[in-house]
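Taking it in order: structure first as structure tokens, then the write-up.
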Amino acid sequence: MTNPFFKNHGPINIVEIIRLLNINFDKKIENQNVDDVKDLYSASDKDITFFHSKKYKHLANKTKASYCITTNSLRDELPINCIALIVENVLISTSIITAKFYPDSVEDNFDQTVIDINQSDFKNKVKFGKNILIGKNVSIGSNCLIGHNTIIEKNVYIGDNCSIGSNTIIRNSIIGNNVKILDKCIVGKHGFGFFPDPNKNLRYPHVGIVKIEDNCEIGCGSTIDRGSMSNTVIGKNTFLDNQIHIAHNVKIGENTIIAGQVGIAGSSTLGKNVKIGGQAGISGHLKIGDNVEIAGGSGVIKDIPDNSKVMGYPAKNIRQFLKENK
Amino acid sequence: MTNPFFKNHGPINIVEIIRLLNINFDKKIENQNVDDVKDLYSASDKDITFFHSKKYKHLANKTKASYCITTNSLRDELPINCIALIVENVLISTSIITAKFYPDSVEDNFDQTVIDINQSDFKNKVKFGKNILIGKNVSIGSNCLIGHNTIIEKNVYIGDNCSIGSNTIIRNSIIGNNVKILDKCIVGKHGFGFFPDPNKNLRYPHVGIVKIEDNCEIGCGSTIDRGSMSNTVIGKNTFLDNQIHIAHNVKIGENTIIAGQVGIAGSSTLGKNVKIGGQAGISGHLKIGDNVEIAGGSGVIKDIPDNSKVMGYPAKNIRQFLKENK
Amino acid sequence: MTNPFFKNHGPINIVEIIRLLNINFDKKIENQNVDDVKDLYSASDKDITFFHSKKYKHLANKTKASYCITTNSLRDELPINCIALIVENVLISTSIITAKFYPDSVEDNFDQTVIDINQSDFKNKVKFGKNILIGKNVSIGSNCLIGHNTIIEKNVYIGDNCSIGSNTIIRNSIIGNNVKILDKCIVGKHGFGFFPDPNKNLRYPHVGIVKIEDNCEIGCGSTIDRGSMSNTVIGKNTFLDNQIHIAHNVKIGENTIIAGQVGIAGSSTLGKNVKIGGQAGISGHLKIGDNVEIAGGSGVIKDIPDNSKVMGYPAKNIRQFLKENK
């Protein structure tokens with residue numbers, strides 16, 4: 001997990017973690033501090049990790065974590081140095097622990113730290129409009145413009161030569177050089193991630209950020225959610241048209257062009273030089289290759305290999321689609 | 001018609017109503033006041049009602065209204081105590097009369113009653129950002145947050161523990177407890193309802209409101225229109241993602257999950273525990289059952305029974321769709 | 001090219017133009033001023049024009065321009081009074097020259113000319129909300145309303161009896177009488193037009209404007225981009241619902257009705273009395289006839305003749321579509 005912006009409220013004692021997970025733990029447990037919650041691969045012996053699917057068996061076998069939230073059926077995959085904490089639902093339990101380490105990553109209420117830009121250090125550095133608010137932990141490069149009524153909430157780094165439009169809201173984002181974010185965008189808010197519960201759905205933490213690389217342009221009225229466990233990334237020189245929605249954890253390669261009203265669901269990855277026509281949709285957790293062209297209005301529900309041109313719903317080879325739909 | 005927020009400018013004398021309808025009325029008419037315009041079922045003998053389709057014959061037979069706007073071919077279904085006012089287009093005529101009783105329900109120009117929250121009673125009760133405007137007849141419960149540049153226009157009741165984002169506009173709405181409405185939403189404006197006319201389309205009144213029940217979440221950039229003759233309702237613990245459009249009179253059941261960029265056209269009703277994937281669209285006046293799952297990108301153009309899973313355009317059984325579209 | 005709002009920074013000397021195009025020009029060239037860049041048909045002998053496709057041969061044959069940006073294979077179509085400037089990519093070269101004549105038409109950074117409406121001449125003429133900004137070269141007719149936080153940026157003419165909502169941004173637009181533009185719209189920003197380049201995409205100028213004719217209504221959260229080489233036009237008494245995107249150069253006829261979340265790609269033309277259901281999409285450069293009905297969710301990828309009803313993706317005759325998709 002990369003969390004340049006979310007303060008780790010750890011270490012947390014393992015006894016407290018076990019209490020939060022509401023599990024019976026028969027073995028005698030040492031009164032040990034846990035530094036962080038990390039994935040199977042990144043965790044050190046000071047950390048707790050989680051393991052919820054056989055798909056990650058090869059990582060589980062080698063994890064260095066001292067503790068792992070998992071299920072009874074998966075526990076045997078863990079090395080002996082890693083103590084299994086058996087729960088019913090690994091993701092809900094991990095969410096509870098992550099929220100304890102990173103309490104600021106769960107909710108996105110309005111940023112109460114903001115001040116008027118005229119009272120900030122940016123007053124003499126940035127060219128700005130009326131009624132602009134700046135949060136804590138914001139940096140802005142040279143030669144930048146910020147439009148009217150825009151709110152740069154906490155945890156935003158902006159490079160040089162950027163132009164932010166009016167009525168836009170940004171938080172928890174790293175923005176490169178020569179980037180344009182047009183009017184009325186919302187960048188860096190948490191994604192649509194929660195565990196359904198008939199009484200009150202349980203939001204899970206979003207400790208990822210949004211990264212927008214150099215030379216990008218984001219069209220009016222677009223929303224780009226930050227990642228939950230990884231980052232949302234818009235690659236170099238990628239251009240987005242108006243009213244686009246990019247969900248959490250999506251990664252878009254460089255030199256990609258996306259037309260208006262496109263939506264990309266959570267955790268999908270796009271290669272470079274991709275072209276997407278207006279109103280197309282891409283389901284979650286897919287891999288779209290390099291140089292792929294997706295016709296406007298298409299609905300992509302499976303991976304698309306490099307250099308393909310697809311169309312339709314479900315999106316298929318464009319020549320086949322047009323032949324079938326004369 | 002439920003109109004907690006729209007002031008009834010009645011009673012209106014029946015002679016004035018006949019004049020407004022521009023009809024020839026041969027019978028001698030008593031100089032009587034009419035209190036309200038209501039549907040066939042709710043109207044009392046102080047009210048005027050309307051009857052435009054045989055579908056409602058069973059209600060017309062028993063209406064208690066003293067007057068009814070209807071057509072020549074339908075008049076014989078009315079009881080003898082109800083005087084028929086014969087017009088060419090029942091809905092247009094009803095719209096004209098409704099607009100007379102509820103003139104504030106037709107247009108949604110900007111709310112001129114608003115004041116800065118710092119000059120309101122909420123100053124010490126609500127945690128709020130910069131540049132917030134509050135209209136007349138607003139109530140806000142305890143422990144609420146209101147983000148920057150947000151406008152709570154007239155006629156809004158907000159429960160306890162609610163978080164309203166920044167740049168959001170709300171009017172004519174009742175919002176329960178523990179509700180989150182994220183940034184840049186527009187809630188409670190009139191719907192897309194009018195009678196086409198080659199010179200100037202005629203807007204019809206929207207006397208309904210928006211009700212958002214407890215524990216709901218409304219994503220960034222969403223629009224929820226208020227109802228015309230009934231309310232628009234978002235059921236308890238229902239979560240909406242970003243850039244969703246909910247049209248007038250739509251009713252959504254509890255525990256429903258709707259992904260980004262979905263659109264639901266006017267007067268459709270959704271059951272509880274419904275799941276809708278991104279960019280799906282639902283036509284108007286449909287009934288979607290409980291526990292229905294609608295795949296992302298689908299276009300629903302007919303009723304969907306309980307417990308169905310559908311996909312495609314037009315949406316059909318998901319297994320059939322996937323089989324036909326390998 | 002119609003450019004009531006973009007200041008022509010010409011004349012520009014032809015020697016400078018040749019230098020900007022970075023071309024070798026063997027012939028001796030006179031030190032002549034060029035007044036403007038115009039299309040083949042409109043150009044006078046004081047202007048430069050461009051010719052990039054055989055499609056326009058009949059216009060090229062008769063152009064009065066003294067200079068024409070074109071390719072080697074097309075040059076012979078020009079009359080002898082017109083000097084060919086041979087380039088590799090006509091559109092990129094024309095874009096560079098257009099940007100030189102109209103430098104303000106390329107980027108839409110926030111308008112630094114705006115002042116608070118209370119400091120403007122409109123203070124006593126318009127009924128307005130809080131926090132409203134007005135740019136240079138704005139005119140507003142009688143009996144108009146402007147909602148809170150709205151920005152009327154430079155180069156906007158608004159007729160009589162118009163109602164502009166809150167949080168809306170308008171620039172480079174001519175708006176007729178009795179027009180309503182609801183909350184949170186963005187009207188008149190440049191379109192999604194650029195020449196892809198692996199290092200940094202090259203934006204081309206947008207010297208067109210947005211024209212919204214009398215009696216129109218534009219729904220909440222809609223975006224209407226101005227034209228590049230021609231105007232974007234919304235015809236008389238046309239109503240748009242919420243969250244609609246109208247791209248650059250689109251022309252929509254009168255009495256047209258467009259439901260929520262529809263998107264119309266660049267340079268398409270719609271007739272009058274067109275009806276479009278929610279979420280439908282229309283590809284670029286198409287011609288949709290008069291009285292056409294397009295079902296919600298449809299994807300239109302070819303021209304549609306007058307009086308047709310279409311549905312599906314690709315959109316086809318509605319009866320055929322419904323028969324094929326029982």
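The values are calculated or read from the model by the stated rules, or taken from the named source; none is laboratory data. For clarity, every value in this text was computed on a predicted model and none was experimentally measured. Here the Cβ is made from the backbone with ideal geometry for all residues, glycine too, and neighbour counts use every protein chain on show.
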Q: Give just the number: which of (1) of a type outside the set (Val, Ile, Thr); (2) within 10 Å of chain C (Cβ to nearest Cβ); (3) surrounded by fewer than 24 Cβ atoms within 10 Å (Cβ to Cβ) does A:LEU202 not satisfy?
A: (2)
Q) Does at least one position in the stretch A:70-80 carry a residue that is closer than 13 Å to A:ILE97 by Cβ and in the same structural domain as A:THR98 (by TED's automatic domain parsing)? A) yes
(Q) When the residues of the stretch A:242-254 are narrowed to those that are assigned to a strand (DSSP E or B) and not charged (D, E, K, R), which ends up nearest to B:ASN242 (Cα to Cα)? (A) A:HIS245
Q | Residue satisfying condition, being at pLDDT 95 or above, of a type in the set (Lys, Arg) and surrounded by fewer than 20 Cβ atoms within 10 Å (Cβ to Cβ), within set A:LYS27, A:LYS7, A:LYS46 | A | A:LYS46
Q | Close pairs from the stretch C:20-49: first in the same structural domain as C:GLU88 (by TED's automatic domain parsing), partner surrounded by fewer than 15 Cβ atoms within 10 Å (Cβ to Cβ) and of a type in the set (Lys, Arg), Cβ under 9 Å, at least 6 apart | A | C:LEU40/C:LYS62; C:TYR41/C:LYS62
**Q.** Residue that is farthest from the other protein chains (Cβ to nearest Cβ) [pool: residues in the stretch C:242-284 that are touching a residue at least 40 places away in the same chain (Cβ under 8 Å) and under 18 Å from the mean Cα position of the chain (by Cα)]
**A.** C:ASN249
Q: Please work out which residue is surrounded by the fewest Cβ atoms within 10 Å (Cβ to Cβ), limiting yourself to the stretch C:205-218 and to residues that are closer than 30 Å to B:ILE224 by Cβ and more than 7 Å from every other protein chain (Cβ to nearest Cβ).
A: C:ASP214
Q. Is it the case that some residue within the stretch C:113-129 is farther than 25 Å from B:ASN109 by Cα and either touching a strand residue (DSSP E or B) at 6+ places or on another chain (Cβ under 7 Å) or not aliphatic (A, V, I, L, M) (or both)?
A. yes
Q: Assess whether B:VAL233 counts as being surrounded by 22 or more Cβ atoms within 10 Å (Cβ to Cβ) and modelled with pLDDT under 95.
A: no
Q. How many of the residues in the stretch A:219-241 are assigned to a strand (DSSP E or B) and away from chain C (no Cβ under 11 Å)?
A. 5
Q | Matching residues, the stretch C:159-178, being buried (at least 24 other Cβ atoms within 10 Å of the Cβ), among the aliphatic types (A, V, I, L, M) and out of contact with any Asp or Glu (no Cβ under 7 Å at 6 or more places or on another chain) | A | C:ILE164, C:ILE175
Q | Set B:ASN61, B:ASN137, B:ASN118, B:ASN131: member being under 21 Å from the mean Cα position of the chain (by Cα) and at pLDDT 95 or above | A | B:ASN137
Q. Looking at (1) surrounded by 20 or more Cβ atoms within 10 Å (Cβ to Cβ); (2) at negative phi, which is the only condition B:GLU293 fails?
A. (1)
Q | Members of the stretch B:285-301 that are under 19 Å from B:ASN317 (Cα atoms), without any contact (Cβ under 8 Å) to a residue 24 or more places away in the chain and not aliphatic (A, V, I, L, M) | A | B:LYS287, B:GLY289, B:ASN291, B:GLY297, B:SER298, B:GLY299
Q: Filter the stretch A:229-241 for residues that are in contact with a strand residue (DSSP E or B) (Cβ under 7 Å, 6 or more places away or on another chain) and in contact (Cβ under 8 Å) with a residue 24 or more places away in the chain and give the result.
A: A:ASN231, A:THR232, A:ILE234, A:GLY235, A:THR238, A:LEU240, A:ASP241
Q: Please determine, by comparing only the residues of the stretch B:168-177 that are assigned to a loop (DSSP other than H, G, I, E, B) and not polar (S, T, N, Q), which one is nearest to the other protein chains (Cβ to nearest Cβ).
A: B:ARG171
Q: Please determine, by comparing only the residues of the stretch A:178-195 that are assigned to a loop (DSSP other than H, G, I, E, B) and over 19 Å from A:GLU153 (Cα atoms), which one is farthest from the chain's Cα centre (by Cα).
A: A:ASN178
Q: Please indicate, with yes or no, whether at least one residue in the stretch A:181-199 is more than 9 Å from every other protein chain (Cβ to nearest Cβ), aromatic (Phe, Trp, Tyr) and surrounded by fewer than 22 Cβ atoms within 10 Å (Cβ to Cβ).
A: yes
Q.
Please pick out the residue among A:PHE51, A:PHE25 that is aromatic (Phe, Trp, Tyr) and over 21 Å from the mean Cα position of the chain (by Cα).
A. A:PHE25
Q: For the stretch B:76-101, name all the residues that are farther than 19 Å from B:ASN22 by Cα and either under 16 Å from the mean Cα position of the chain (by Cα) or not polar (S, T, N, Q) (or both).
A: B:ASP76, B:GLU77, B:LEU78, B:PRO79, B:ILE80, B:CYS82
Q) Which residue pairs have Cβ atoms under 6 Å apart, sit 6 or more places apart or on different chains, and have a first residue in the stretch B:305-326 that is within 12 Å of chain C (Cβ to nearest Cβ) and a second that is surrounded by fewer than 18 Cβ atoms within 10 Å (Cβ to Cβ)? A) B:PRO314/C:ASN325
Q) For residues in the stretch B:67-95 being crowded, with 20+ Cβ neighbours inside 10 Å and touching a residue at least 40 places away in the same chain (Cβ under 8 Å), which is farthest from B:ASN33 (Cα to Cα)? A) B:VAL87
